[in-house]
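The values are calculated or read from the model by the stated rules, or taken from the named source; none is laboratory data. These numbers were taken from a predicted model, which means no experiment stands behind them. Note: ideal-geometry Cβ built from the backbone for every residue, glycine included; neighbour counts use all protein chains shown. Just so you know, the surface numbers come from the protein's heavy atoms only, side chains and all, with ligands and any DNA or RNA stripped out. Shrake-Rupley method; radii C 1.70, N 1.55, O 1.52, S 1.80 Å.
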Amino acid sequence: MKIILLGAPGRRKGTLAKKITADFGVPQISTGDLFRAIVKDSTPLAEKVKAIMESGGLVPDEVTVEIVKERIAKDDCKNGFILDGFPRTIAQAKELEKISQIDTVILVDVPNETIIERLSARRTCPNCGEIYSALDYKETTCKKCSATLIQRDDDKPETIKNRLEVYENNTAPLINFYGDMVFKVSSAGSPEETYRPVKTFLENLEVK
Ligand code: AMP
């Protein structure tokens, strides 16, 4: 089962992906996570990617596509995967068509007003990647691995605004690009409420 998760920043795509992985056994491939791992090194690529991420812009398509290609060639992807944060441009989507045949696109949607508040409150575990909301989780350490939670640099208000603009200009056109393949779900409710219709939909999906 090969799934694309589409949606602007803060739509809880990562949280949804983790639930799909748990039930359907396909790995989550988050290009954001792959880039966050890359910037930990001190290579010229790391420096370049770091500056782009801090501004809320997009890493060039060639670099991004190459990283995804390498990742989906790995053994754990042979029965499928969930692409979380990729493709983010029409050019990336066209490249993806050359390397894999996607079964469905899940559009995670919620009104813009709640997003800035949600993203500003997001706390991430730098060790295991677990995501929390400071609105309902008051601890400063991760429940799973006890690492100290951080606020991602690109979850700060000035960067969020730019990320939302980048989404509107570059990524939102993918909704039309994928047309009938898109299954839309609202993430306005709890993560469980968001997941319920997605689970039913995936259980009934015919995979290629
Ligand atoms: P995310 O965690 O998905 O919000 O990604 C964090 C940042 O990584 C983005 O703001 C971009 O700078 C970069 N990034 C992630 N995925 C992509 C992609 N598909 N194309 C270009 N840049 C990306």
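Criterion applied to 90, 29, 52, 67 was being within 13 Å of the ligand (Cβ to nearest atom), at pLDDT 95 or above and within 30 Å of residue 140 (Cβ to Cβ), and the one residue passing it is 29.
Among the residues making up segment 70-87, a single one is at pLDDT below 95 and either among the charged types (D, E, K, R) or farther than 14 Å from residue 28 by Cα (or both): 78.
Can you say whether residue 47 is modelled with pLDDT under 95, within 9 Å of the ligand (Cβ to nearest atom) and surrounded by fewer than 18 Cβ atoms within 10 Å (Cβ to Cβ), as far as the supplied structure shows? Answer is no for this residue. Residues that are touching a helix residue (DSSP H, G or I) at 6+ places or on another chain (Cβ under 8 Å), open to solvent by 40 Å² or more (accessible area, probe 1.4 Å) and within 20 Å of residue 183 (Cβ to Cβ) do not occur anywhere in segment 70-82. Tell me, yes or no, whether segment 153-176 has at least one residue that is closer than 24 Å to residue 109 by Cβ, in contact with a helix residue (DSSP H, G or I) (Cβ under 7 Å, 6 or more places away or on another chain) and modelled with pLDDT of 95 or more. Within segment 153-176, one or more residues are closer than 24 Å to residue 109 by Cβ, in contact with a helix residue (DSSP H, G or I) (Cβ under 7 Å, 6 or more places away or on another chain) and modelled with pLDDT of 95 or more. For segment 1-44, enumerate the residues that are open to solvent by 10 Å² or more (accessible area, probe 1.4 Å), in contact with a helix residue (DSSP H, G or I) (Cβ under 9 Å, 6 or more places away or on another chain), among the polar types (S, T, N, Q) and assigned to a helix (DSSP H, G or I). Within segment 1-44, 15 is the sole residue that qualifies.
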